[in-house]
Amino acid sequence: MQDAMVKHPEADVLVNFASLRSAYQSTVETMEFPQIKTIAIIAEGIPENQTRKLLKLAKEKQVSIIGPATVGGVKPGCFKIGNTGGMMDNILHSKLYRPGSVAYVSRSGGMSNELNNIISKATDGVYEGVAIGGDRYPGTTFMDHIMRYQADPRVKMIVLLGEVGGTEEYDVCHALETKKITKPLVAWCIGTCAGMFTAEVQFGHAGSCANSKRETASAKNEALLAAGARVPKSFDYLGDVVQEVYSALVSKGIVVPAAEVPPQQFLWIIAGQENWV
């Protein structure tokens with residue numbers, strides 16, 4: 001790590017692909033170098049006591065952590081972490097080669113790719129998207145990223161995709177009610193089907209299990225709707241609601257769609273040579 005920092009003093013982001021066996025120690029080691037301001041931790045299965053120690057240290061060092069258990073994020077036309085956004089055919093299909101006006105934050109990395117697809121069909125595209133990870137104690141929260149989007153004039157609307165388990169969505173509700181969030185926000189929490197089972201259901205993520213009624217997806221969707229978010233009737237209608245909100249912004253002149261640029265006009269670097277594809 002010392003050699004890497006000396007060789008690349010301009011680097012301020014680390015994407016940590018280490019396994020759960022070494023992700024904790026390698027992240028602690030990285031935070032010894034003040035040039036690093038953001039760390040994305042991909043590994044799943046890091047013990048919760050280690051994660052909480054990491055969060056405490058990151059707060060002291062003023063380092064932002066995305067994850068653990070995240071695919072990271074994507075800023076179209078600029079940067080993507082790992083396999084975020086899928087392969088080249090999906091990047092082209094979801095138009096992730098150029099920025100749009102919509103920013104999103106999600107727990108799930110797989111559902112982030114679905115959001116890329118939904119947003120590209122319903123709007124002028126994704127401006128930025130982050131998956132905070134499916135663990136019980138994420139390094140950054142929904143609100144951390146939503147407030148960044150709120151402050152960025154290039155973001156015209158925000159999409160939140162939460163899930164069963166945890167209470168972070170209620171912080172978003174409070175921010176809507178107190179007008180800390182003034183941009184249009186479309187929200188949905190996945191996992192409403194848990195109510196069909198007689199016993200509590202543990203979904204795929206470590207944090208996706210409701211320990212109380214307040215943590216159920218249905219309760220959080222109701223709270224978000226009451227706070228002023230646009231909440232669809234079900235996930236099937238998420239794209240329709242996103243399109244409705246976006247179309248309203250266009251009609252008001254808040255969003256002025258740019259001319260569509262075909263991907264053939266974008267320059268890709270292939271095998272060290274510049275080629276048009």
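Here the contact order of the chain, divided by its residue count and restricted to Cα pairs under 8 Å and six or more residues apart, works out to 13 percent.
Along the axis of the charge dipole computed for the chain (Cβ charges of +1 for Lys and Arg, -1 for Asp and Glu, origin at the Cα centre), the listed residues PHE33, TYR97, MET5 are led at the positive end by PHE33. Along the range 35-41 the Karplus relation, 6.51 cos²θ - 1.76 cosθ + 1.60 evaluated at θ = phi - 60°, assigns HN-Hα couplings of 5, 7, 10, 9, 10, 9, 10 Hz to successive residues, with x for each Gly and Pro.
Which residues make up the longest stretch of the chain clear of GluC sites (Glu not before Pro) that lie in a DSSP loop with no more than 10 other Cβ atoms within 10 Å, not counting the sites? The answer is 11-259.
In percent, rounded to a whole number, the relative contact order of the range 1-68 is 34, using alpha-carbon pairs under 8 Å and six or more apart.
Just add up the charged neighbours of VAL13: K/R +1, D/E -1, any other residue whose Cβ is under 13 Å from the Cβ of VAL13.
Its environment carries a net charge of +1.
Listed by chain and number, the aspartates and glutamates whose C-alpha is less than 12 Å from the C-alpha of LYS233, apart from same-chain residues fewer than 8 away, are GLU222.
Computed on the range 98-171, with alpha-carbon pairs under 8 angstrom and 6+ residues apart, the relative contact order is 41 percent. Just add up the charged neighbours of ILE91: K/R +1, D/E -1, any other residue whose Cβ is under 12 Å from the Cβ of ILE91. Net charge around ILE91: +2. Considering only DSSP states other than H, G, I, E and B, which trypsin sites (Lys or Arg not before Pro) in the range 135-196 qualify as loop sites with at most 14 other Cβ atoms within 10 Å? Passing sites in the range 135-196 are ARG154, LYS179, LYS180. Summing Lys, Arg as +1 and Asp, Glu as -1, what charge do residues with Cβ under 9 Å from the Cβ of GLN35 carry, GLN35 excluded? Here the count lands on -1.
No lab work stands behind these numbers, since they all come straight from the coordinates. The shown structure was predicted, so the numbers you read here are calculated from the model rather than taken from an experiment. With ideal geometry, Cβ positions are generated from the backbone for all residues, glycine too; neighbour counts draw on all protein chains shown.
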